[in-house]
Structures are given as C-alpha cells and as structure tokens.
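**Student:** The structure is given below, and queries will be raised subsequently.
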Amino acid sequence: MSKKIITLHVNGKDREVMIDERESLYETLRNELNLTSVKKGCEVGECGACSVLLNGRCVDSCIYLTMWAVGKDIVTVEGLRDEENDDITDVQKEFIKEAAVQCGFCTPGFILKAVEIVGHNKPYTRDEIKKLITGNLCRCTGYMNIVTAIEHAIKHNMDKLGVPYEVMPSTTSFDVPEDEKDKMLESLLAMQNNDVTKI
Amino acid sequence: MNYIGKSNLRVDAYGKVTGKAKYTADLAPKDSLIAKVLHSTIANGEVISMDVSAAKKVPGVVGVFTCFDVPDVEFPTAGHPWSTDPKHQDIADKKLLNQRVRFYGDDIAAVVAENDVAASQALKLIKVEYKEYPVHTDARSMLNDKDAMALHPNWRKDNVIAHTSFKSSDDFDYDKAKLKAIEEYGEENLIEVVKNVKTPRISHCHIELPVSYAYVDSNGKVTVVASTQLPHICRRVVAQALNIPWGKVRVIKPYIGGGFGNKQDMLYEPLNAWLSVKCGGKPVILEIPREDTMIGTRTRHPMDGDVRGLATKDGKLLCRELKNYSTNGGYAAHGHSITAKCAGIFQNLYKNPLGVNSEAWTVWTNAPTSAAMRAYGVPQAVSFAETLTDDICFKGGFDPLKFRLDNLCDENLVAGGVKFYTYGLKKCLEIGAEKIDWYKKREAYKNQIGPIRKGVGICSFIYQTAVAPIALETASVRMILNQDGSMQLSLGATEIGQGADTVFTQIAAESTGISPDKVYVISTQDTDVTPFDTGAYGSRQTYVTGNAIKECGLLLKKKICEYALLMEDEDGIKGKKLEDLDVSDNYVIDKNTMEKLIPLDKLSTTAFYSFTHNQHITAEKTTDITTNTFASGCTFVDLEVDMPLGIINIKDIISVHDSGTIINPALATAQVHGGMSMSLGYGMSEELILDPVTGKAYNNNMLDYKIPTAMDSPDFKVEFVVMKDPTGGYGNKALGEPPTVAPAVAVRNAVLNATGIGFNEFPLTAERLVHEFKAKGLI
C-alpha cells in the first residue's frame, strides 16, 4: 500500500492528511477529517448522498479520487456559512422553512447541490431545478419541498440581484404565511448551539 | 389547542441541514473492525463445504466465520411485539448464517478485518461447494410443483406459511352468489369482471444503508448501535439469536436515514452482535452495500391475485372474490400478517351485499425475503380492489366516482375490531373530485383519437391506524422537569424521518402547558435508559405513543400544580385548590381567571432546592391502546399518455386524507408527498426483477432499479378532511403509511380512461404500455 501525505483545501483551511493513493475523496473526508455530513448511499455515484463542492461544482465524492482534489477548493456542509451575516445560509434556512428535510440523510448532498444552483445566478424554473437535482436521490420527500426550498433560495438571490422571480404558489390549503415561517425559524435558530456558544 | 394543528418547524431540522445530526456510521469508533458478509450464489440448496484458508491468510483479517460456526439457533426476525402465547409467536426460521440456502444472496459466511480492503479481498477468497436444488422464485410456481422441496420442513411441508380465507359468512361461495344474482337480476342485467393482477417486488431504497456496530461493554453487555426502527424489539431479537438473557443486550438508535419498514426487521444486528462477541467484544461495524441490501434485506411482497367482481347494470356492486398468492421469499419474517392485512382491506373497502371471499396464501420461495414495507400489503389490496372497480365501471359504463360513492364501505364498517370512529372517506372523494374537476374532465376526455390521450382516474382506500387488537399496542413515556422549568421528554418511540420528534414535542407541550421550545425531546433511544415502546411501524406512533404522551403530560401537569399549592407564599396561591390550577405557556395559572400565578422556572428551581418541600418532579406513563380507528382517503390524477412512446405524463395529482386532526399540517403534507412519490414508483417504474431459473436479481442497484428522481416527480397537491377522532390523543388517526397506497392505482385507472386499456401488471413501464398498445392495434 502506498501511503502519501497531501494537503487538501477543505472548508476554507489547508488540511494535511495521510492517504492511500487509491482512496476516494469520500473516504478521506469522513475517515481522516471526520466530516460526517458526507454520506454513503451507494458507493458508485448513483444517489448523490456523498456530494461535495469542488471549486463550486457538485461531485459524487465516492467516485472521485482524493488525489484529484489536491489544489481544489473543497466544501462540505460543515463548511457552509453566511459569513456576512454570521448565520447559516439561505439555502439551509429554506430547507428548514419549507419542510424539505425528513430523515435528513440525503440533505447535505441536496444542500450543496442547491448552493451550486443558486450560485449560477439564474432564474431557473421548477422544471429546470428538477433537472439540475436529478443526480441526487431522496426517498422521503417526493422532492416537492426540496424544489420549493431551492426556488425560495433562488428568490432571495434574485432579489439581491434585482431580477424579478416568482416562486410557485402553495398547493395546499394548510399553508403557513412566509412571515410566520420566518418567525418560527428565528426562534428555532435561537435554540441552537451556535447561539449558545456566542454567549 | 395551543400547539396542536400548528406547522412547527422540525425540531431536528437544524442539525440535519448543518451536517451535525449523527447517524450510526458517523458514531462508530475509529478503531472498529470491518465486517462483510458472503452471500450465496445459488437460490436453493446447501453449502456442503467451505474453504476459508486463503481468506484467513489475508493480512489484516481477524476472523472468518461460516454457516458451520454459528449457534444452532433459529430466530424470528420480524419487528412485531413478542407474544407470550407460543401459537402467536413469529416464525423462527433463520440462523445467523445459513448452511441451508433458500435464496440467491442468502448469508453464508462473514469476514472481520482491520480494514475494508482486507475484508473485501478475504471475502473473494472463500471457496464454497454447494449442492443445488430446483428453484421456485414465485408463490404459484412453488405451489404448482407438487414435488417441491420444503424450504423449512420443521415448520411446513408444503411451503405455505399460512392460508386464510376471509369471508362475509362461513358458507359464502362466489359462484353460488353469482347464480343467486342471475336468478334475481337476470344474466343480461349483470356485469362481471374476472382477471389476474400482479404487483411488483419493491425495494425500500432508504438512502442510508442498513448499518450497525456492536461491541461488548465494560460490564459485559452486548451493545449494538443500529439504524433500526425499533430498538426495544431489536434488543429482544439479538438476545434470542445469541441465546443470551434479554437484559444482557443493549441497543442504541441514533438518527436513521429512512427505514420504510425494511428496518422494522432485524436485518444484520444479531449477526453483528455475534461477530463482535467472537472477536473478543471489540467494536465491529457492519454496513451492507446497496446491491446486497436490495436482495439480502427485505422487499415489498410481489402478489399475484385472481380477482372476480359482479355488479348490476345500474351500478350496484354485488359480490367480489380475491385469491391471492403472495411470494414471501426464503424466510418468514412477518409471516402471513402482510398478506392477511391485504386480504382484509380487499374485503372491507366495499359493501358486498351478496358477500365476499378474500383468500390468501403466503408462500416460502427461493426469492429475497418479503416483509414490511410502508403500508403493509395495502397498496397490493387496492391494486386488486380498485382496478377491479374501474374495470367494472368501464365495462358497465359507470362513472367511477359515482360508483364509489354508492358502493364504498360506509361509516358502519366494523372489521376485526377496527371501525370508523370518524368517517371522512366520501368527503375526501368529493373534495378530490372538485379539485381535479372530475365530471368536466371525464366528459372532455370521451372519444379521443390520436397518439396522445388524456385521462383522469381515482383510487380510494381505508387503513387501520394501529395494529390493535391483533397485536399489543403499548407505549411508555417519561417526563422530567428540569431546574429551569424546561422538560426532558424520553420515549421508546422513534424518529425515523417521519417527524415523530416534532409532533411528540407538540403533544407534550399541549398536555403540559410547557411551550415547545422548552421541551427537549431525546431523539436517541437507548434500551438501557429509554422507556419501552414497540417502535415505528404501522402508522401507530402518533396514535399510540401520542396517547401515552398526553396522559404523561397531564400527570406531570398535575404534579406541578400540586407543588404550586405548597408554595403558599406566592401571591394568589393561598386558598386555591388543585382544581383551580392549570399550566399554560410556562406559568401555573388560575384557570378560572387565567391569572398567571407562578412561572415554571421559579417553581422548578424551588422544588429542586427547597429544604422543606424538596421534590424532583417527574412523570412516567405506560398506556396500552385497545381501540383502532380506520383512516381513509383517495388520490385523483389527471394525465396524458404518449401511446407510441409508452410515456405517462402526470398533469395534476391530488391526495385527500381522512386522518383525523392533523397535528402538524406542514410535516403531514410533506409526508404525503413522500408517500405519493413512493406509490408512483410502484405504479410506474420500480420492480426488482429475478431470473426465474437462477433466482438471481437483474437490477439490484439504484441505476437499474428506478426509484423516482426529481424529474419523474410532479408537483403534488394534498388536502385533509379534518375530523377529531375520539380515540386519538388529540383526535389524530393514521397518516404515516396511507399516502403510499392510492396514487399508483389512480394512475392505472386514468390510463384506462385515456386509452381504454386496463393494465393489470404493475409497474406501468413504457415497455409494458407499448407492448400492450401494439397488441391491441392501437399503435
């Protein structure tokens, strides 16, 4: 076995790791760097649970050699942060607000894919969003709320860019108004650890 | 109601969107040994010998264990409550590793190694010598072969796990009823449909693989951390499999990445525990690869049913019959219960004035084991019942909506101790019809020609909310008031993605008066700590555990109020009686005046630290539920069929559910979406296919086995008919599984409306559609 020490740029930091040249980025991120948001669902690039951002683009880390990632900017969900507002990102907030999370196992992969999509700065339609996320599988949600969450995240970005963008109106008579969801999110975030650590 | 019926955000959402939520594999110790399982490459036969010498020599291999090494103990794997009556105990027919091979992929050996590569290499070096027997992969072929060898001769010589016949009366006979109908109405005034319907073998496809790790702790306790839906049952089965006292086993369940019934069986936890014991109690992790998961764990039962139904020419359904052959695979797992549930729903969905016979055989075969999957036999039941209805309507020229409104079971239905305490089925149909614009579209879609045709379709269903009175329904809950007036909520019921922890929080808040942000639900179950509950299955938890939480909450509240009376120095307390007090929004209040008397944080701190009235306020409650109420609902779909391409495009789809009070509408809606998606997979794309000769699966991977992707998923519409059920803790009925029942068959019935072709084999793949349209000369 040929072990090698390499440097990876992960979540904004250079990390020195000793790896087997044959190992996948999935294995390195989980086993060496304890980034457990990177999930295993198939090990052959079918399900997208192990998605990570490489230079802003999503790849299946289970079928990507760690050696290939040297010199690239690697981002996992642990590294996502809205630095400007010292907060979780709009994508993460929308996944919470739109009930786009159930078991949560595919969620990190979807969130990274959504971050990539929002970063395109394009006013995608729902059908376009569906096509873009089709490499990520989810068995709990039927995708509907995930698409809605991404739509809403795109909307925030389009608002910032001054581009008109309409999200699909709710299809159920039980819907909760946006401002009420925002309030609930605010109180949910207030309960979380990161706010405790600010004390 | 302060907190019930509100769309609270999920209590676990933050952890899940930030990657902080930990699942089983995330928690395994870094020095865990890696286990891998060797599967048989024949479907029926015996392992005669195994040569493991080369495997043992691979550097890093710690141990190789074969079917010749395991304890001679057969154990049951089903996630059912144990029965103290031997006659009602689950069938014990599986060993940890099996020398007698019953399906292609049976577990025959295991390797434990220091690393993944060594384990994989060793697995490949094991040499196996088999003796092969003839293969029968489906129930009918097994039964038709009178010389078929018994797979479990200690249990049954004929491979029939069980045969039941649910009849409207003991002497009911379909043919006699038909003769009676001919006498009464005249043959020319009757419509009869006779056909065969086949349902697919479905894989659960939870994205998290089945995974566990096991070790023996410093006190000698065999500990298994597992992705399971039911930690307390898992503990019992592990103990049975290892033949050790139940208390010697500890099971811990962290977050789980989906289960859908597959993790309602004990899959590899017992083997994992045994491997750790054999390796000196060191931590051993066992994660099953996707390909092995799809054949070696569990599947939804493929069923093959002969169906008959008779109606009058003016649209009155008279009698029906189902003879259903259910392929159970190599091991009994849940035994006959799923096929029996299917039979019961077929029987009871409609009124059958001249009677009904619903007969079922569950058969051991040389196929992957079928067991629980979301909705437990009911998708198959409506595949029989609701395609029969539409075929009768098509033949008789009846409107399928009106026919259902006239003939579906009504609020008087009582079946096996289950009844409608509230009945919303027909209301669901009316709402769905209005939303989809049923009558207008039925009219508009008449007499279509051309390659692309439109259709609308319905499917309705009923669903038992829990498993009582067939099985025990019991749940325990513990509440502990913290020093600051917040609360710890500990339960044996499990969060498996469905949102249980969030609705449990809401129910706890409603019953105690402590606001949801101060309710800390302990999501991880640990059988050493957590009170008993049978776990997540059967759409039971919000109903059964929900009742227990409510009662526990009321008890805690009473104790808080009793303590408040001891705090005489507080303004407004003196002279108050217990019945004057209540807790609301974290205050003890005077319920007559709604005046706030004592804040809970002050009361709790006082209780903990008082020299005169020191008390730790806790409550614990066990409830067993003997009632069971029917939920119901329907799906309407509007679609286009591209006939030359065999492609179905769903234009509009709506599910309407009669599930009592909806505790959390946003999460309930999300759960319905997921169920609808899963049903569309069953209806249009999913089928695990076996080679009938070898029993080998053709498509046991997520590329060739097609669960819906985002592109396959339409935007779902969801509505609820809310009626407060008197038996649910806060009026709630089943919702976890019901969404998975109807959409597939609604699609099939809409295709019938569009094209005039009634498909009787699911899923409706492009291949099946084109083949049939060609055969009928339509393309």
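A short reminder: the numbers here are calculations on the coordinates, not readings from a lab. Values in this document were obtained by computation on a predicted structure and should not be read as measured data. Positions of Cβ are backbone-derived with ideal geometry, glycine not excepted, and every protein chain shown enters the neighbour counts.
**Student:** In whole Å, what are the Cα extents of region B:372-455 along the three principal axes, biggest one first?
**Tutor:** Extents along the principal axes: 50, 28, 24 Å.
**Student:** Pull up all non-local amide H partners of B:Tyr537: gap of 5 or more, or a different chain, and H-to-H distance under 5 Å with H placed in the peptide plane.
**Tutor:** HN-HN under 5 Å from B:Tyr537: empty list.
**Student:** Which Cα, out of B:Phe166, B:Ala536, A:Thr76, lies furthest along the positive dipole direction of the protein assembly as shown (beta carbon charges, K/R +1, D/E -1)?
**Tutor:** Of the options given, the answer is B:Phe166.
**Student:** Let me ask another. Could you tell me, in Å, what Rg and Dmax come out for the Cα atoms of chain A?
**Tutor:** Calculated on Cα positions, Rg and Dmax stand at 17.7, 60 Å.
**Student:** Still on this structure: Only counting other Cβ atoms within 10 Å, I'd like A:Thr28, A:Thr125 sorted with the fewest neighbours first.
**Tutor:** Working: A:Thr28 26, A:Thr125 14.
Fewest-to-most ranking of A:Thr28, A:Thr125: A:Thr125, A:Thr28.
**Student:** For region B:1-117, build the convex hull from the C-alpha positions and give me its volume per residue in Å³.
**Tutor:** On the way: hull volume 26.9 nm³, N = 117.
In region B:1-117, the Cα hull volume divided by residue count equals 230 Å³.
**Student:** Suppose every Lys and Arg Cβ carries +1 and every Asp and Glu Cβ carries -1, with no other charges. What dipole size does the protein assembly as shown come out with about its Cα centre, to the nearest 20 debye? List each step's numbers first, then the result.
**Tutor:** Values: 109 positive and 127 negative charges, 277 e Å.
Taking the Cα centre of the protein assembly as shown as origin, the dipole is about 1340 debye.
**Student:** Taking θ = phi - 60°, what integer Hz values does the Karplus form 6.51 cos²θ - 1.76 cosθ + 1.60 yield along region B:301-317, in sequence order, with x for Gly and Pro?
**Tutor:** Residue by residue, region B:301-317 yields 4, x, 10, 9, x, 8, 10, 9, x, 10, 9, 7, 5, 9, x, 9, 6 Hz.
**Student:** Let me ask you something else. Give me A:Glu180, A:Glu94 sorted ascending by neighbouring Cβ count inside 10 Å, so fewest comes first. Let's see the in-between values first.
**Tutor:** On the way: A:Glu180 13, A:Glu94 27.
By the 10 Å Cβ count, ascending: A:Glu180, A:Glu94.
**Student:** For region B:585-691, which chymotrypsin sites (Phe, Trp or Tyr not before Pro) pass both filters: DSSP loop (anything but H, G, I, E, B) and at most 13 other C-beta atoms within 10 Å? Walk me through the intermediate numbers first.
**Tutor:** Numbers: sites: B:Tyr587, B:Phe608, B:Tyr609, B:Phe611, B:Phe630, B:Phe636, B:Tyr682; in loops: B:Phe611.
Sparse-neighbourhood loop chymotrypsin sites (Phe, Trp or Tyr not before Pro): B:Phe611.
**Student:** What is the sum of charges around B:Leu317, taking Lys and Arg as +1, Asp and Glu as -1, for the other residues whose C-beta is under 10 Å from the C-beta of B:Leu317? All intermediate terms of the calculation are to be shown ahead of the outcome.
**Tutor:** Numbers: positive: B:Lys316, B:Arg320, B:Lys351, B:Arg404; negative: B:Asp406.
Result for the local shell: +3.
**Student:** With only Lys, Arg, Asp and Glu charged, each at its Cβ (+1 for the first two, -1 for the last two), find how big the charge dipole of region B:367-422 is about the Cα centre; round to the nearest 20 debye. If you can, show how the numbers build up before the last one.
**Tutor:** Working: 5 positive and 7 negative charges, 38 e Å.
With Lys and Arg at +1 and Asp and Glu at -1, about 180 debye.
**Student:** Cα-Cα pairs above 17 Å in region B:505-639: how many percent?
**Tutor:** On the way: 6007 of 9045 pairs.
Here the long-distance tail beyond 17 Å is 66 percent of all Cα pairs in region B:505-639.
**Student:** Let me ask another. Bin by bin, in steps of 5 Å, what percent of the Cα pairs in region B:487-561 do you find, going until the bin that has the longest distance?
**Tutor:** Reading the bins upward from 0: 3, 17, 30, 27, 16, 6, 1, 0.
**Student:** Follow-up. Give me Rg over Rh for region A:90-193, both radii from the alpha carbons and Rh done the Kirkwood way, two decimal places. Walk me through the numbers on the way to the answer.
**Tutor:** On the way: Rg = 13.4 Å, Rh = 14.2 Å.
Dividing the radius of gyration by the Kirkwood radius yields 0.94.
**Student:** While we're here: Given charges of +1 on the Cβ of Lys and Arg and -1 on the Cβ of Asp and Glu, with all other atoms neutral, how large is the dipole of region B:474-624 about its Cα centre, in debye to the nearest 20?
**Tutor:** On the way: 14 positive and 23 negative charges, 47 e Å.
Magnitude of the dipole: close to 220 debye.
**Student:** Next question. Skipping prolines and chain starts, which residues have an amide H placed within reach, meaning under 5 Å, of the one on B:Gly633, given they are 5 or more residues away or on another chain?
**Tutor:** Those qualifying (amide H under 5 Å, at least 5 residues apart or on another chain) are B:Phe461, B:Asp658.
**Student:** Quick one: the Cα spread of chain B along its three principal axes, in angstroms, biggest first?
**Tutor:** 88, 74, 50
**Student:** Where the centroid of each part is defined by its Cα atoms, how far is region B:648-675 from region A:1-41 in Å?
**Tutor:** 41
**Student:** Kindly point out which whole DSSP H helices in chain B project their C-alpha atoms 27 angstrom or further along the helix axis while averaging a Kyte-Doolittle hydropathy of -0.5 or above.
**Tutor:** On the way: long enough: B:541-566 (36 Å, 0.25); B:665-684 (28 Å, 0.47).
What comes out of the filter, once short or polar helices are dropped, is B:541-566, B:665-684.
**Student:** In what order do B:His336, A:His9, B:His673 fall by count of nearby beta-carbon atoms within 10 Å, going from fewest to most?
**Tutor:** Details: B:His336 21, A:His9 16, B:His673 28.
Lowest count first: A:His9, B:His336, B:His673.
**Student:** Let me ask another. Would you calculate the separation in nanometres between label points at A:Asn121 and B:Lys776, each defined as 7 Å from the Cα along the Cα-to-beta-carbon direction?
**Tutor:** 5.3
**Student:** Please give the contour-minus-distance gain from B:Asp171 to B:Thr612: 0.36 nm per residue of separation, less the Cα-Cα distance, rounded to one decimal in nm.
**Tutor:** Numbers: separation 441, 0.36 × 441 = 158.76 nm, distance 7.28 nm.
Gain in length upon complete extension: 151.5 nm.
**Student:** Would you mind counting up the charge near A:Tyr143? Only other residues with Cβ under 14 Å from its Cβ, with Lys and Arg at +1 and Asp and Glu at -1. Present the calculation step by step, with values, prior to reporting the outcome.
**Tutor:** On the way: positive: A:Lys113, A:Arg126, A:Lys130, A:Lys131, A:Arg139; negative: A:Glu98, A:Asp127, A:Glu128, A:Glu151, B:Asp712, B:Asp715.
Local net charge: -1.
**Student:** Once the other residues with Cβ under 12 Å from the Cβ of B:Val519 are scored (Lys, Arg +1; Asp, Glu -1), what is the net sum?
**Tutor:** Values: positive: B:Lys518; negative: B:Asp501, B:Glu510, B:Asp517.
Neighbourhood net charge equals -2.
**Student:** Distances over 17 Å make up what percent of all Cα-Cα pairs in region A:3-79? Kindly include the intermediate steps, with their values, before the conclusion.
**Tutor:** Working: 978 of 2926 pairs.
In whole percent, the long-distance tail amounts to 33.
**Student:** Using modelled amide H (1.01 Å from N, peptide plane; none on Pro or chain starts), what sits under 5 Å from the amide H of A:Asn11, excluding residues fewer than 5 places away?
**Tutor:** Hits under the 5 Å cutoff: A:Ile74, A:Val75, A:Thr76.
**Student:** Sticking with this one: Using θ = phi - 60° and the Karplus curve 6.51 cos²θ - 1.76 cosθ + 1.60, what whole-Hz ³J(HN,Hα) does each residue of region B:221-226 get, with Gly and Pro shown as x?
**Tutor:** 8, 7, 10, 10, 9, 9
**Student:** Answer with one residue from B:Ala415, B:Thr622, A:Cys58: the one whose Cα lies farthest towards the positive end of the charge dipole of the protein assembly as shown, charges on Cβ with Lys, Arg +1 and Asp, Glu -1.
**Tutor:** So the residue furthest toward the plus end is B:Ala415.
**Student:** Just to be sure I understand: if I project the alpha-carbon convex hull of the protein assembly as shown onto a plane and average over all orientations, what area do I get in nm²? Could you put the intermediate results ahead of the total?
**Tutor:** Details: hull surface 169.8 nm².
With the hull built on Cα positions only, its mean projection is 42.4 nm².
**Student:** Continuing with this model, one more query. Could you give the distance between the Cα centres of region B:355-372 and region B:44-101, to the whole Å?
**Tutor:** Using only Cα atoms, the two centres lie 24 Å from each other.
**Student:** In nm, give the distance between the simple-model label positions of B:Asp85 and A:Lys3, each being 7 Å from the Cα along the Cα-to-Cβ direction.
**Tutor:** 6.1
**Student:** Step through the residues of region B:527-533 one at a time and calculate ³J(HN,Hα) from phi using the Karplus curve (6.51 cos²θ - 1.76 cosθ + 1.60, θ = phi - 60°), rounding each to whole Hz and writing x for Gly and Pro.
**Tutor:** 5, 6, 10, 7, x, 6, 7
**Student:** Further question on the same structure: Along each of its three principal axes, how wide is the spread of alpha-carbon positions in region B:669-779, in whole angstrom units, largest first?
**Tutor:** Computed over region B:669-779, the largest-to-smallest principal extents equal 52, 35, 27 Å.
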